[in-house]
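The block underneath contains the structure these notes are about, expressed in C-alpha cells.
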Amino acid sequence: MIVAVASGKGGTGKTTVSASLAWVWDRPAVAVDLDVEEPNLHLFLRPEIAWRESAFAEVPEADRAKCTLCRKCSDLCQFKAVSVMGRLLLTFPEMCHSCGGCLAVCPEGALSPGRRELGVIEGGRAANVRFLSGKLRIGEAMSPPLMREVKRRLGRYLETPGTDAILDSPPGVSCPAVNAVMDSDVIVLVTEPTPFGFHDFTLAVEAFAPLGKPMGAVINRAGLGDSALHGFCAEKAIPVLCEIPYSREIAEEYASGGVLAAKSPAMAAIFTDLRDKVAALARGAAHA
Ligand code: SF4
Ligand code: SF4
C-alpha cells in the first residue's frame, strides 16, 4: 500500500503527520520524502543515513564536428532545449526533459547521451522505519525528474512483499504535488481550520479528485476557526480521519522536533487510530 500525505499549502503539519504515521505503521514501512525542493522529514525521523548518491537526467551532448545543421533535432524538441541558430548548434541542458527524441532523429550521430545532475538521493533507517529522501540540486528547475528517481528506488523496496510506503508529498497543487500522489493507493490531505487552510484544501481536493483515489482529511490545530472544513468534507464525502487538537502542549512538542507519536501515549493513540482508518479507507477502495 502506498499512502500519500499531501496538503494544499505548506505549514499545515503534513510532515509531522507523515513522520508519526510511519512511526506507528504496523507493517514494514518506508517513509519517503518526496518534497525534494525542501525535504525535512529527516528532521522529524532523524534517520541514520546508510547511503547517499547523486541522481542524473539524460540530456544530449553535441559533437558539433558531425552536425550538418539539418535542424531535425530542433524541429522536434518541444522545449527548445536544442536549437540551431545560424551556423551554430546550441544545447540547453537545464531545459531538457530527457525524452531522447533528438538523439533518435539525428541522422549524423552528432548527439550522444550526456547527463545533468538532478540532486541527491539518500536512504537509511529510523528505528523500524526505512527512510528514503531526495534533495534537489540548488539551481535545478524541475523537481519531477528527481521525484521519479526516488520513486524508482522505492519500487525496489516495495518488491519485498508486505512493505508499505508513506510518502511526504510536496505541498500545493502544481505538477510536483500531483506527480507525488498519482501512484498512491490513498491520499491523506492535511489541513487546518483557518480560511487559508480551507481555501487551499478545496483546491487540493479539486486537483486530486480526478485521480479517483480514496481521500481522507486530517485536521491539524483543530479547534481554531469555524466549521467550514467539516461542511465541505461532508459535501464531498471526504471522511475526516483525525483531528489533532490545537494546544500549547502539542505546539511545544512540535517545536522540540522528533516524532509527535513518540512523545506521549495520547499522541500515539491519535496516530494509531489514524493508521487504522487510513488502512481501512484504502482497503475499502480496493474492495469497491
Ligand atoms: S532529449 Fe527531448 S527534451 Fe531533451 S533536448 Fe532532446 S528532444 Fe529536447
Ligand atoms: S539533428 Fe543532428 S545533424 Fe541535425 S542539427 Fe541536430 S545535431 Fe545537427
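Each reported figure results from applying straightforward, stated rules to the coordinates on display, with no laboratory input. Here the structure is a predicted model, which is why all the values come from computation and not from measurement. When we count neighbours, we look across all protein chains shown, and the Cβ atoms used for this are built from the backbone with ideal geometry, even at glycine.
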Quiz item: Ordered by residue, what ³J(HN,Hα) values in Hz, to whole numbers, does segment 198-205 give under the Karplus form 6.51 cos²θ - 1.76 cosθ + 1.60, where θ = phi - 60° and Gly and Pro are x?
Solution: 5, 4, 6, 5, 5, 5, 5, 4
Exercise. State which entries of 213/263; 14/236; 135/263; 236/263 exceed 23 angstrom in Cα-Cα distance in the structure shown.
Key: 213/263; 135/263; 236/263
Self-check item: Per residue Cα convex hull volume in Å³ - calculated over the chain
Solution: 149
Quiz item: Using a basic spin-label model with each label point 7 Å from the Cα along Cα→Cβ, how many nm lie between residue 160 and residue 79?
Solution: 3.4
Quiz item: Which length gain, in nm to one decimal place, applies between residue 128 and residue 152 when the Cα-Cα distance is subtracted from 0.36 nm times their residue separation?
Solution: 6.5 nm
Quiz prompt | Under-5 Å amide H pairs with residue 7, H placed in peptide plane, nonlocal only | solution = 172, 190
Quiz item: Which ³J(HN,Hα) values, rounded to whole Hz and listed in residue order, are derived for segment 226-233 from phi using the Karplus coefficients 6.51, -1.76 and 1.60 in 6.51 cos²θ - 1.76 cosθ + 1.60 with θ = phi - 60°, glycine and proline given as x?
Solution: 10, 9, 4, 4, 4, x, 5, 4
Quiz prompt | Per-q log10 I(q)/I(0), segment 1-79, q = 0.27 Å⁻¹ (Debye; single scatterer per alpha-carbon; no solvent) | solution = -1.43
Practice problem: Check the straight Cα-Cα distances from residue 151 and name the aspartates and glutamates below 16 Å, setting aside those fewer than 8 residues away within the same chain. | Solution: 33, 35, 37, 53, 122, 159, 164, 168, 183, 185
Quiz item: With contacts defined as alpha carbon pairs under 8 Å and 6 or more residues apart, what's the relative contact order of segment 1-137 in percent?
Solution: 33
Quiz item: Relative contact order for the chain using alpha-carbon pairs under 8 Å, separation at least 6, rounded to a whole percent?
Solution: 28
Quiz item: What lysines could a cross-link reach from residue 72, if we take a straight Cα to Cα line under 25 Å and drop same-chain neighbours fewer than 8 places away?
Solution: 80
Exercise. Under 4.7 Å Cβ to Cβ, no partner at all: give me those cysteines from the chain, in residue order.
Key: 67, 70, 77, 96, 99, 106, 175, 233, 242
Practice problem: Could you go through segment 256-266 in sequence order and give the Karplus-derived ³J(HN,Hα) for each residue, using 6.51 cos²θ - 1.76 cosθ + 1.60 with θ = phi - 60°, rounded to whole Hz, and x for Gly and Pro? | Solution: 7, x, x, 9, 4, 5, 8, 7, 7, x, 5
Practice problem: Find the Rg to Rh ratio for segment 139-237, where Rh is the Kirkwood radius over alpha-carbon pairs and Rg uses the same atoms. | Solution: 1.02
